[in-house]
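Worksheet: the structure to be examined is printed underneath.
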Amino acid sequence: MPRRLRLAVAPLVLLIATLTACAEPTRLPPPEEPAARAPLFASDEEALAAATEAYEEYLAVSNAITSNPDAPLAPLQEKTSSAHFENLEASITQLRAQGLRSEGSSALASVELQQHSQIGDEILIVVYVCLDVSSTRLLDQNGNDVTPRDRADRVALEVALINESGALRDLIVDGSETWTGGLNCS
Amino acid sequence: MMPMLLLLVSLALNPADSIGITSAGCDEVMALTGCPNVGGSIEGDSALLNGDLTMVGAPGSSGGGSGDSSPGAGSGGSPMPPMPCEEVFAGLCYGEGQDKPGDGTASPSIPPLTLSDVAAFRPQAPRQSMQPDGWMVVGLPTNFYARTGTHIVSGTLLGSPADVRFTPVGYRWRYGDSSAARLATPGATWQALGLREFDATPTSHVYRAPGTYVIELDVEFTAEYRFAGGAWWALSGVLVVPANDLVAVAGSAVTVLVDRDCATAPHGPGC
């Protein structure tokens, strides 16, 4: 009987050992883990401040690139998602193909938070941006001012910002669209 | 758990699909030259997109045209619009120089050029079919069904890509016997529904008298558009697109030709 018991127990021990080994990499997170994943932005104000800072950096890079036809686009690529960068690249290529460059800087006139969310490590912040281009001029290859006379001085944009994968705090611009939904931007 | 979480993330990253009032594709770079003003409307069986864009002229420079401008977009020594004017509605697609009183800020020799463009997008025509094909039995359900689905029609507006996404939302059947129905489903074949022949379906109709009937179907589509790869924006209203007509003969059960001998195949059509 004891011999039979040993025989029966031996595979059981092996099975438990195997299961334990398998379970090792996928064990449940310790209870304190959720506390470490607390929302990155404790308030709307914090989310808006982070989005504003990221957008201003992005805008500074955009200004630098449109003012210099030879400026590389890589710095802009670092501030944008690949999808948005493709759109911007097309706009810049078109601007440069016309021999145009900007003088002066587009500025952030105002910004409003539309929404922010965090699911796991994925952050999304959507803001309404009032972009002021009134202090920019468009110059052609000969330096002539070719700024359209009826160009809008201010443009309302809806801008989405996300975080780069693995970098919780580094927000990049994922898209910007004209917004005519009532933002005070004129 | 994990797949669900990923789905939620994916949805959350496309906020512009469901928000907003109206839009034109624009970004910080395009704002320098002036954002295009793009809108749309539904006119009959087409979605019309229209756009205005103030162009920056560069007379004599090679940068003005991209080489594929449509014929007639410019003439003589006048500036060429930098983007081709395609998707044409004759007479509606043009570049027009504007002579506004100068304010001294721009060179007087370079008038702004406003490019207007209209593009019409039509959904693919829906098709309808019926079971039995071309005939029906008085007093028994005839199964009608439509073949269509959500699809995207692509074109260009102001030289940039523009897409319209059509989604079928309603099916208006006129059965030719003075009755009609507006249904929310396209229906399907008896086989696809797992039913027997002559079973009632959500889209079936019963004829009460023998005769020849013409069955007409109009499909209602909603439409959304996007410009220059931007977000989708809904157009208000629905497009009504006719499908093919069906002509079919209704007979009473005793006069209907059957596929097989009802004595040996009592479950055959019409038996």
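The values are calculated or read from the model by the stated rules, or taken from the named source; none is laboratory data. Please read these numbers as outputs of a predicted model, since none were measured by experiment. So basically every Cβ, Gly included, is an ideal-geometry build from the backbone, and we count neighbours across all protein chains shown.
Annotations for the structure displayed:
- Qualifying residue in region A:73-85 (condition: modelled with pLDDT under 85 and within 14 Å of chain B (Cβ to nearest Cβ)): yes
- Filter pass, A:GLU57 being touching a Lys or Arg at 6+ places or on another chain (Cβ under 9 Å), in a helix (DSSP H, G or I) and modelled with pLDDT of 85 or more: yes
- Some residue of region B:228-243 being outside any strand (DSSP E or B), out of contact with any Cys (no Cβ under 6 Å at 6 or more places or on another chain) and at pLDDT 95 or above: yes
- Residue match in region B:157-180 (condition: away from chain A (no Cβ under 14 Å), within 30 Å of A:VAL173 (Cβ to Cβ) and of a type in the set (S, T, N, Q)): yes
- Subset of region B:134-150 (residues that are in contact (Cβ under 8 Å) with a residue 40 or more places away in the chain and either surrounded by fewer than 17 Cβ atoms within 10 Å (Cβ to Cβ) or in a strand (DSSP E or B) (or both)): B:GLY134, B:TRP135, B:MET136, B:VAL137, B:GLY139, B:PRO141, B:THR142, B:ASN143, B:PHE144, B:TYR145, B:ALA146
- Residue list for region A:88-116, restricted to those being assigned to a strand (DSSP E or B) and free of Cβ contacts under 8 Å to residues at least 40 places away in the same chain: A:ARG101, A:SER102, A:GLU103, A:GLN115
- Matching residues, region A:117-149, being assigned to a strand (DSSP E or B), over 22 Å from B:ALA31 (Cα atoms) and of a type outside the set (A, V, I, L, M): A:SER117, A:GLN118, A:GLU122
- Note on region A:86-139: residues that are farther than 21 Å from A:ALA156 by Cα, at the interface with another protein chain (Cβ under 7 Å from one of its Cβ atoms) and buried (at least 21 other Cβ atoms within 10 Å of the Cβ) total 2.
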